[in-house]
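The values are calculated or read from the model by the stated rules, or taken from the named source; none is laboratory data. Keep in mind that what you see is a predicted model, and the values were worked out from it rather than measured. Because the Cβ atoms are built from the backbone with ideal geometry, glycine has one as well, and the counts that use them run over all protein chains shown. Surface accessibility is based on the protein's heavy atoms, side chains included, excluding ligands, DNA and RNA. Shrake-Rupley method; radii C 1.70, N 1.55, O 1.52, S 1.80 Å.
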Amino acid sequence: MKKQFLIFGGFSGAIAVAFGAMAAHFLESKMQAGLITERDLHAFKTGAEYQMYHSVVLVILAFLSEKMESLFIVRAANCFMVGIVLFSGSLYLLSTGALMGFSDLRWLGPITPIGGLFFIAGWILLGLAGWRTKKN
């Protein structure tokens with residue numbers, strides 16, 4: 001088992017749950033008070049959602065890496081970890097920057113799709129791991 005996938009996936013999943021709850025309760029009230037927009041709230045929720053999906057996959061890959069010796073699995077998991085940080089992390093910062101007192105985080109805008117590309121690459125690598133396996 002790749003211990004780092006399990007560690008990252010476990011803690012990342014916990015953060016995703018906490019941020020999802022934060023969006024549902026704390027940020028929702030800030031939107032009603034006019035401190036963030038509906039678009040910001042949606043972006044924050046999207047970050048938490050994608051973080052959770054990929055955290056669960058990382059936990060699965062931790063165990064799958066024991067069954068299948070494949071460099072594709074390791075690379076897929078690494079892509080998912082980078083994707084979580086870039087995609088979800090940039091969405092969190094972009095959507096709450098003004099609320100946290102950051103004046104201009106627009107430069108983070110291009111980071112989000114780069115994180116998305118890491119997610120896509122991870123899924124492709126995972127597919128290649130299955131395609132290249134010798135087991136049925």
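Remarks
- Criterion applied to 41, 94, 126, 117 was being crowded, with 16+ Cβ neighbours inside 10 Å and modelled with pLDDT of 95 or more, and the one residue passing it is 126.
- Residues in the range 1-24 that are assigned to a helix (DSSP H, G or I) and not small (Gly, Ala, Ser): 3, 4, 5, 6, 7, 8, 11, 15, 17, 19, 22.
- Reported count of residues in the range 1-38, each being of a type in the set (D, E, K, R) and open to solvent by less than 90 Å² (accessible area, probe 1.4 Å), is 3.
- Subset of the range 66-83 (residues that are touching a Phe, Trp or Tyr at 6+ places or on another chain (Cβ under 8 Å) and open to solvent by less than 10 Å² (accessible area, probe 1.4 Å)): 76, 77, 80, 83
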